[in-house]
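The values are calculated or read from the model by the stated rules, or taken from the named source; none is laboratory data. Everything numeric in this text was worked out from a predicted model, so none of it was measured. Don't worry about glycine lacking a Cβ; one is built from the backbone with ideal geometry, like all the others, and counts go over all protein chains shown. Just so you know, the surface numbers come from the protein's heavy atoms only, side chains and all, with ligands and any DNA or RNA stripped out. Shrake-Rupley method; radii C 1.70, N 1.55, O 1.52, S 1.80 Å.
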Amino acid sequence: MSNHENGAPPPPAWSIVLIDQEPLRQAARSRCQVTLAVLEKLRGTLTIFEQKDKPAFHRWAASEFGPLLTRARELTTEIQQHQKFVHDIEEEMRRSYCDPHVAYQRVRFGNTPPVETESTPPAGGGFSINFGGDEMTEEERATMFRDWLRENFGVNPEQLDEPSYERAFQNFCSRIWGEVLERFEFPNADGASSVDARVKQLYRILVRRLHPDKRSGPDLTATTLWHEAQQAYAARNVERLETLVALTEVQAGRAEATSLFQLRAVQRELRQALRALRHSTRVALTDHAWNFSSRGADENLRERVRQELEEDLQRHQRTLDYLTQAIAQWSTPAVQPVSEAGLRHDGIPVSF
């Protein structure tokens, strides 16, 4: 007997509902464009602050408070020297289990015993040679390879097809560093090579859009995205590379083919950048140099800066006095307690 005959409700009928994502993509694109406009405005304001306001303020402060700034630099140098001396004494105390005066004498007069470390070369004087292959990043190797093609063969690497580029790059790495990069396989050989093929495809798009040689002038945003593209390429992060490609498309106003998922990822990215930039702006607003290139200095600013400099000098002087006093105490041998038998605690007789 069926469920319907028992009085049970019939099972729900499932069907596929087609959703037009274009209105959603359009709304996401609009929100990204609005956030980008705010970001560009804040970046422009901070650029003026860094390149105009701060240099102008520092020039004014140097001409107005030269002696105070000079004294602050001198105190800072003395504090750093004393801190290093104190650090060396404390390290000698921990290493040799000696009292502060002995450690002071060893550090002061340069008779500290040598410290054996794991990095000390063997007695045989062995050494190793490294031609730098392991220390170079993949982007540095790729840049060297592209320059080599241009200078020696007059070949533009961007005009090579995928298989030719990979074969030439493998041959180059094998000849220079004696190694074969196994990750450079032909696309679609297996799952890993498919991922690599997608990574290289996205990376080349970003190279054409963000590489410094492709730009007409300095662009802080493009430089930041270029560094992020290097990191994502080194990590083989396909999702991150796709987000960066989508972000460059939104910036260029040609994100019609970008998926809703990528647009929303770009939107999250822009919101995070906006929060960070707003925080930097709030910090800059508290700086005396804010808007200095246009408003200049007045008596209130002059008095505030003078007071802060004098307070900083007092703090520096107290720090220096404390360090000097500690070093002076360590330079004097401690008085040994004497027992009733006329012996110090270490057994050496004391004459009265």
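A few points about this structure:
- Difference of contour (0.36 nm per residue) and Cα-Cα distance, ARG150 to ASN171: 6.0 nm
- Listed values for region 81-86 are Karplus-derived 3J(HN,Hα) couplings in whole Hz (6.51 cos²θ - 1.76 cosθ + 1.60, θ = phi - 60°), namely 5, 5, 4, 5, 5, 5, and x replaces Gly and Pro.
- One chain, two ends: ALA37 and ARG73. Fully extended at 0.36 nm per residue, the span grows by 8.8 nm beyond their Cα-Cα distance.
- Per-residue packing, averaged as other Cβ atoms within 10 Å, sorts the ranges 165-171, 322-328 into the order 165-171, 322-328, beginning with the highest.
- Surface share of carbon and sulfur [accessible, 1.4 angstrom probe, percent] for region 238-320: 46 percent
- Computed from the C-beta positions of GLU308 and GLN231, the FRET efficiency with R₀ = 56 Å rounds to 0.90.
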